[in-house]
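Here is the structure we will look at, set down as structure tokens.
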Amino acid sequence: MATPEDLGPVRADQITTWDHEADVVIAGYGVAGAAAAVGAAQSGADVLVFERTGGWGGAAAMSGGIIYMGGGTPLQKACGFDDTVDAMKAFMKAALGPGVDEEKIDAYCEGSVDHYHWLVDSGVVFKEEFWGEPGWETPGDEGLMYSGGENAAPFSATIPPAPRGHVPQMPAEEKHGSSARGGGYMLMKPLTELADRLGVRAEYDVRAQSLVVDDDGRVVGLVASRYGRRIAVRARGGVVLASGSFAYNQTMLESYAPRLVNRPAASVEEHDGRSIRMAQALGADLAHMDATEVAFFCNPQLFVRGILVNGRGQRYINEDTYAGRVGQATLIENDNQAFLIIDEASYEEGMASRSSSAGIPAPLTWAAETVEELEREMGLPEGALQSTVEVYNRHASEGKDPLFGKSPEWVRPLGTPLGAIDLRGRTGGFTLGGLRTDVDSAVLHASGRPIPGLFAAGRCTSGVCAGGYASGTSLGDGSFFGRRAGIAAARA
């Protein structure tokens, strides 16, 4: 039987005793695993979930809980927004690429309203209130927000914008209290409670090690480990891999996404790429392994009111866009060099705003009476910052930003005194690439054909994001295709 270091498949005829058996066996009890469990159980299957930690939740339960949905959900309509499936498709294909899986995005957008109803029927609650200010998350229990830069350049010029970040309701005092629970907890809790009611069995402190295949190459189970003891698990229908990304696998990061080495964020240490490696050992294909979400550790309420410059003192993005786009542009295109230039009045205004990001440390690194003095204090080339501010202010006096298209709402000349926040190195993120799957979450072999009996969903797969990102696509993609994985495995 396989050792912990052995990722290769185990032959079914080598297993003399099955310790557990079910129609559908799931590895991982985060959002993809929970959705797969419910989907399979609702299809009439006997379901068994294995989770390597001591309880359900994973990274999803610790997240802000944003779920990317649209196309005219009841919450969007209740908050006064019109959205269409076509507009949602157009935005996702423009913002999440290049190289997106268009078939997946089409299925995701066309099924989004149905998925919203499925979540609500599963017990997830969304408050009918819109949060319209910049921020990584809603500051309280508001249920809807812009979460991908839909209302900012370059997308808003050609694609009708609509907020698609749906946030499960949680009292603000609990969301920001000592419990450290986010909206993701209020997504996971009802899903796992429903799974319990449907008869789903869960085993904790169990780590999947290898897949089990029969003589025809079909996946018929997995080998796992609990406290050093080997466990053989038979799957009559299929195995669903849902154990997260490879953000905490140093070797895989060095090979595929080296920019994130030593800077993982918004993931958990259990995201070690095991599911990806197990499937690779069967010849599974991979996609977009270099793609990463990049968090930018600065309050959007601040940088939207100033200008972001790189190590040469030049602006490089419209500051009112999605903070994840700012992070990607900073890390990938500007060598992780970033400074926020902001005047005193705007700094005080941003710090006083009601925002869930206000807790991110944001003291001024330098302060000066003039731009020339600030430039000198920062050690920038003479004239570099001065020319940047001069050009920005010249157009801002007319409420315009012809260079990057920043919304007039946030365009105003920088005054004095002013200062700068050193944001060099203040990025981190998680991986977006993984196993290549089809729209029904079957894992695809390098030849392009499905691997019989093997399904996957969540961050161990390459989902709707191929390069870009929007907050909520992880929970949205994981729950949507997780549910499909469970249904497909049950049918198998």
(request) Determine the dipole magnitude for the stretch 391-492: charges of +1 sit on the beta-carbon of Lys and Arg, -1 on that of Asp and Glu, nothing else is charged, the reference point is the Cα centre, and the result goes in debye to the nearest 20. (result) 140
(request) In nm, give the distance between the simple-model label positions of D335 and R449, each being 7 Å from the Cα along the Cα-to-Cβ direction. (result) 5.0
(message) Taking 0.36 nm per residue of sequence separation and subtracting the Cα-Cα distance, how much length would be gained by fully extending the chain between R312 and V439, in nm to one decimal?
(response) 41.3 nm
(request) Pull up all non-local amide H partners of G433: gap of 5 or more, or a different chain, and H-to-H distance under 5 Å with H placed in the peptide plane. (result) A291
(request) At most 16 other Cβ atoms within 10 Å and a DSSP loop assignment: could you name the trypsin sites (Lys or Arg not before Pro) in the stretch 347-430 that fit? (result) R354, K400, R424
(request) With θ set to phi - 60°, apply the Karplus curve 6.51 cos²θ - 1.76 cosθ + 1.60 along the stretch 317-333 and write out the HN-Hα couplings as whole Hz, x wherever there is a Gly or Pro. (result) 6, 6, 6, 8, 7, 4, 4, x, 5, 4, x, 5, 5, 5, 6, 7, 9
(message) Placing unit charges on C-beta atoms (Lys and Arg positive, Asp and Glu negative, everything else neutral), compute the dipole magnitude of the chain about its Cα centre in debye, rounded to 20.
(response) 1100
(message) Helix-only mean residue ellipticity at 222 nm, the chain, DSSP H runs n ≥ 4 weighted -39,500 (n - 2.57), per residue, nearest 500. What is it?
(response) -8000 deg cm²/dmol
(message) Can you compute the FRET efficiency between Q250 and E203 using 1/(1 + (r/R0)^6), with r the Cβ-Cβ distance and R0 = 22 Å? Round to the nearest 0.05.
(response) 0.20
(request) Using amide H atoms built 1.01 Å from N in the peptide plane, name the residues 5+ places from L423, or on other chains, whose amide H lies under 5 Å from its own. (result) A338, F339, L340
(request) Compute the length gained on full extension between E269 and E103: take 0.36 nm times their separation in residues and subtract their Cα-Cα distance, giving the result in nm to one decimal. (result) 56.6 nm
(request) Which order do the peptides 196-204, 288-296, 327-335 take when ranked by the mean count of other beta-carbon atoms within 10 Å per residue, highest first? (result) 288-296, 327-335, 196-204
(message) Quick one: 3J(HN,Hα) in Hz for the stretch 11-28, Karplus 6.51/-1.76/1.60 with θ = phi - 60°, rounded, Gly and Pro as x.
(response) 6, 4, 6, 8, 9, 8, 9, 8, 7, 9, 8, 7, 5, 10, 10, 10, 9, x
(message) Please report the spacing between the Cα centers of the stretch 199-223 and the stretch 339-384 in Å, no decimals.
(response) 54
(request) Report the FRET efficiency, 1/(1 + (r/R0)^6), for E344 and H117, where r is their Cβ-Cβ distance and R0 is 41 Å, rounded to 0.05. (result) 0.25
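Rule-based calculations on the coordinates, nothing more; no lab input. Small disclaimer: the values here were computed from a predicted structure and weren't measured. Counting neighbours? That spans all protein chains shown, and the Cβs are built from the backbone with ideal geometry, glycine included.
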